[in-house]
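Each remark here refers to the structure printed beneath this line.
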Amino acid sequence: MLLKAILGQLALSAGLIELFGEPVRHGSRNVGYIPQHRQADSGLPLRARDLLRMGLDGHRFGLPLPSLKTNKRIAEVLEMVGASDIANTPIGQLSGGQLQRIRVAQAVIDKPKLILADEPLSALDLKQQSVVAELINNQRQLSGAAVLFVTHDVNPVLDYIDRVLYLANGKFRIGTPDEVLRSDVLSKLYGRDVDVVRNQGRIAVLGSSNHDHHENEKWI
């Protein structure tokens with residue numbers, strides 16, 4: 001809901017969202033978007049480079065014509081995300097990790113000031129999660145963009161985040177990871193005892209009697 005509102009796809013019932021001093025609007029070029037991983041149709045002829053071209057020219061009316069400038073930027077971003085070798089591969093033939101690399105490239109190709117990452121690590125194995133999380137962080141550093149990263153598991157991005165917005169049961173807490181990811185803080189959010197266990201650099205959130213609270217939690 002929050003990301004849809006920032007993208008201008010969901011009307012607010014109250015309040016205002018401003019981005020860089022202006023109200024948010026649909027299709028803003030200041031915002032890059034990385035969706036959840038979903039495997040593309042295997043028969044889709046769209047190539048990886050075509051997906052990037054849409055991120056660069058998709059806002060324009062009519063049929064965008066290829067140009068040396070556009071092709072140069074596509075090649076540059078493909079190299080940045082380590083995907084030059086799959087530029088001409090149909091996206092339906094890409095693995096989950098490869099497809100998320102291309103989606104990261106699509107999100108940053110127009111040099112946005114804000115990157116919205118909507119659970120981009122879902123359905124990826126641990127190795128792919130680590131690679132994609134590091135890739136998003138690298139792009140953040142290169143572009144100077146802010147990143148709003150939504151996830152149910154904070155561990156793959158724990159080394160990269162400076163603020164956590166934890167949503168649970170219609171309530172929230174915001175602060176540094178050490179300020180928010182604590183047993184006493186989350187127990188207040190859930191209204192029952194919750195243990196935050198840290199082990200070898202990883203964090204686990206455990207309920208006192210069961211684990212069903214994970215269905216409702218969000219980390220941002």
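Listed values, structure above:
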| quantity | calculated |
| --- | --- |
| Volume per residue that the Cα convex hull of the chain spans, once the total is divided by residue count, Å³ | 149 Å³ |
| Longest to shortest principal axis, alpha-carbon extents of the range 1-110, angstrom | 46, 30, 26 |
| Among 145, 75, 107: highest mean-square fluctuation, GNM of the chain, C-alpha pairs under 10 Å | 75 |
| Degrees between helix 48-57 axis and first principal axis of the chain (Cα, 0 to 90, nearest 10) | 90 degrees |
| Long-range HN-HN contacts of residue 115 with modeled amide H, under 5 Å | 32, 146, 147, 148 |
| Gaussian network model of the chain, springs between alpha carbon atoms under 10 Å - residue of 139, 200, 93 with greatest fluctuation | 200 |
| Pairs of Lys in the chain closer than 23 Å at Cα, counting only those 8 or more apart or on different chains | 12 |
| Principal axis dimensions, the range 133-201 - Cα atoms, whole angstrom, descending | 42, 29, 18 |
| Rg(Cα) / (2.2 N^0.38 Å) computed for the range 99-165, rounded to two decimals | 1.01 |
| Of 34, 203, 74, the one that fluctuates the most in a GNM where the chain has Cα springs shorter than 10 Å | 203 |
| Helix-only mean residue ellipticity at 222 nm for the chain, each DSSP H run of n ≥ 4 adding -39500 (n - 2.57), per residue, nearest 500 | -9500 deg cm²/dmol |
| Sorted by Cβ neighbour density within 10 Å, fewest at the top, the residues 20, 172 | 20, 172 |
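Read-outs: derived from the displayed coordinates by stated rules, not from any lab. As the structure is a prediction and not an experimental result, all values here were calculated from the model. As a convention, Cβ positions derive from the backbone with ideal geometry for all residues, glycine included, and neighbour counts pool all protein chains shown.
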